[in-house]
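Colleague: Encoded as structure tokens, here's the structure I'll be asking about.
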Amino acid sequence: MAKKLEGKRILMAIAKENFRDEELLTPKRIFGEEGAVVAVASNERGTCKGMLGAEATAELAIRDAKADDYDALVIPGGLGSPEYLWRNGDLHALIKAFREKGKQTHSICLSPAVLAITGVLKGRKAAVYATPESKAELEKGGAVYVDEPVVVDGDVVTGRDPDAAEPFARKIVEVLGKK
């Protein structure tokens, strides 16, 4: 059986500290099983620490990533997302470059707020790990908050929390596999 993401390249952008382990590791594994090449970027190159103790190696800094090199951008969440990703100008520029080139951007947990901040979620339904701050960012960005594990609106997939990591990843496989 053909792998659904054969030939696809996915960039996962994580916080350098306190990314949510399973929101990186589960999708990364699933994307790989489906044939995608997955790269990890963060605030800087090197070792990143997960909330539950996992370590991940960021092969490149977000500022050095180029939308032309990938088919999709996936942004895991965790407590590090508001601190390291929400106001990260390099990540904002990267998200905008992906969108301008018609490429997909997906996020889970606290990270849909980054998509809202950059305007990606304007007029779209989206899930987010519901905190007053994350819901406020979705509202400011014109998103319609939906309390469901995974929400697909057009070519954007958002996930609510770590429990949604696997269905989030499988939905991205479905959406990206069609492109």
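Matching residues to (1) modelled with pLDDT of 95 or more; (2) of a type in the set (Asp, Glu); (3) within 22 Å of Val151 (Cβ to Cβ); (4) over 13 Å from the mean Cα position of the chain (by Cα):
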residue: Met12; (1), (2), (3), (4): yes, no, yes, no
residue: Phe19; (1), (2), (3), (4): yes, no, yes, no
residue: Thr26; (1), (2), (3), (4): yes, no, yes, no
residue: Ile30; (1), (2), (3), (4): yes, no, yes, yes
residue: Gly46; (1), (2), (3), (4): yes, no, no, yes
residue: Lys49; (1), (2), (3), (4): yes, no, no, yes
residue: Val74; (1), (2), (3), (4): yes, no, yes, no
residue: Lys101; (1), (2), (3), (4): yes, no, no, yes
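Colleague: From the list Gly53, Gly32, which one is part of a helix (DSSP H, G or I), surrounded by fewer than 18 Cβ atoms within 10 Å (Cβ to Cβ) and not basic (Lys, Arg)?
Modeller: Answer to the selection: Gly32.
Colleague: Further question on the same structure: Report yes if Tyr70 is closer than 23 Å to Val175 by Cβ, of a type in the set (Ser, Thr, Tyr) and at pLDDT 95 or above, otherwise no.
Modeller: In short, yes.
Colleague: Only one of these is touching a residue at least 24 places away in the same chain (Cβ under 8 Å) and touching an Asp or Glu at 6+ places or on another chain (Cβ under 8 Å): Ala61, Ala72. Name it.
Modeller: None of the others qualify; the one that does is Ala61.
Colleague: When you look at Ala61, is it crowded, with 21+ Cβ neighbours inside 10 Å, among the aliphatic types (A, V, I, L, M), in contact with a Lys or Arg (Cβ under 9 Å, 6 or more places away or on another chain) and farther than 22 Å from Asp153 by Cα, yes or no?
Modeller: Criteria not met by Ala61.
The values are calculated or read from the model by the stated rules, or taken from the named source; none is laboratory data. Just so it is clear, the structure is predicted and the values come from calculations on it, not from any experiment. Reconstructed Cβ throughout: ideal geometry from the backbone, glycine too, with neighbour counts over all protein chains shown.
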